[in-house]
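Comments concern the structure below.
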Amino acid sequence: MTSENRAKILVVDDERMNLNILSDLLIDDYKVILAKNGTQALERAWSDNPPDIILLDVMMPEMDGYTVLHKLKEDERTKNTPVIFITALDSIEDEATGLEKGAMDYIRKPFHPPIVKARIRNHLTLVRQRHLLEGLANYDALTEIPNRRNYELSVDREWRRCQRAFLPISLAMVDVDCFKQYNDNYGHTAGDVALKKVAGIISSAINRPCDLAARYGGEEFVILLPETDAYGARYLVEDIRKKVEQLEIKHEFSPINPFLTISIGGVTLIPGVTNSAEVLIESADAMMYQAKRGGKNAVIWEDMT
């Protein structure tokens, strides 16, 4: 396994000897990050390169392990990061306190290398399984792009970010035109294939990490574009509309086009303090229905900035 793919372990201890022992024990199998106090631990845990698991000393000056754990659990970024306490405290009451506060396990000093390695390995297995389940829960099984749950988590986060920075945020609703007629006449298997092709066009247009294309439900998709003005957003979705039409998916039962098409409605605004992210989907949905009523295979956009 390359160093880039190895699991990252943050070791937090105010004693240099303990840091050295654990680092030497783990360095061959994991990427080890060291911190000598609670402040450093939080900085490293909340960085752009966070750890997969944290080994945290309980007894430290200034900020003890219990306080660090509390701050980790309060933060959205690290609330699910497993924390294993490393401590010389050996009473049942001390262990119960740590577990009640959210620690996943206890490793007592002095360290026993086989036990340390086994417990870390077991917890990292659980981490990988949780990530796999989260991935399955956040992606649409048919189209293999993010699902509505994924969108709802993302839009809340990006709304708050753009609100703090007073930046525009754009949202598009996409609906496949005359899809009931397509399913009724070509069958649901053909309909599933068509949806996967449309999803492929939409997702391939998304390039930035903050952007998101998701299946909203049925034949509807949503495109989230933070920090994107109305001109840029409309240009992107108009290109998507054209590329879907250029797929030339035969639809002889459509009253508007011999091929499968999509209608798109969108909105751009700057989040305010009195409204919420729901205004995005409501406004984009209204624009999408205007596109449908106006003849379909079109883009209708509202710039509310």
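The values are calculated or read from the model by the stated rules, or taken from the named source; none is laboratory data. Quick caveat, the model's predicted, so the values are computed rather than measured. Positions of Cβ are backbone-derived with ideal geometry, glycine not excepted, and every protein chain shown enters the neighbour counts.
Tabulated data
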{"quantity": "Test: V174 is β-branched (V, I, T), in a helix (DSSP H, G or I) and more than 15 Å from the chain's Cα centre (by Cα)", "calculated": "no"}
{"quantity": "Matching residues in segment 20-37 - criterion: being within 30 Å of the chain's Cα centre (by Cα) and hydroxyl-bearing (S, T, Y)", "calculated": "Y30"}
{"quantity": "Top-ranked residue in segment 117-169 [being surrounded by fewer than 19 Cβ atoms within 10 Å (Cβ to Cβ) and among the β-branched types (V, I, T); ranked as farthest from G232 (Cα to Cα)]", "calculated": "T125"}
{"quantity": "Complete set of residues in segment 258-305 that are among the hydroxyl-bearing types (S, T, Y), under 26 Å from the mean Cα position of the chain (by Cα) and closer than 23 Å to V244 by Cβ", "calculated": "T268, S283"}
{"quantity": "Entirely in segment 48-143, the helices (runs of 4 or more DSSP H) that have 3 or more residues that are within 24 Å of the chain's Cα centre (by Cα)", "calculated": "65-74, 113-137"}
{"quantity": "For K296: the one exception among (1) under 17 Å from V174 (Cα atoms); (2) without any contact (Cβ under 8 Å) to a residue 40 or more places away in the chain; (3) assigned to a loop (DSSP other than H, G, I, E, B)", "calculated": "(2)"}
{"quantity": "Filter result (out of contact with any strand residue (DSSP E or B) (no Cβ under 7 Å at 6 or more places or on another chain) and free of Cβ contacts under 8 Å to residues at least 60 places away in the same chain) within segment 259-278", "calculated": "T274, N275, E278"}
{"quantity": "Residue in segment 2-10 that is at pLDDT 90 or above and among the polar types (S, T, N, Q) present", "calculated": "no"}
{"quantity": "Residue selected from segment 179-219 under the condition within 19 Å of T268 (Cα to Cα) and among the charged types (D, E, K, R), by the criterion surrounded by the most Cβ atoms within 10 Å (Cβ to Cβ)", "calculated": "D211"}
{"quantity": "Every pair of residues 6+ apart whose Cβ atoms lie under 8 Å, when the first sits in segment 158-187 and is touching a residue at least 40 places away in the same chain (Cβ under 8 Å) while the second is among the basic types (K, R) and surrounded by fewer than 20 Cβ atoms within 10 Å (Cβ to Cβ)", "calculated": "L167/R161; D175/K292; D177/K292; D177/K296; C178/K296"}
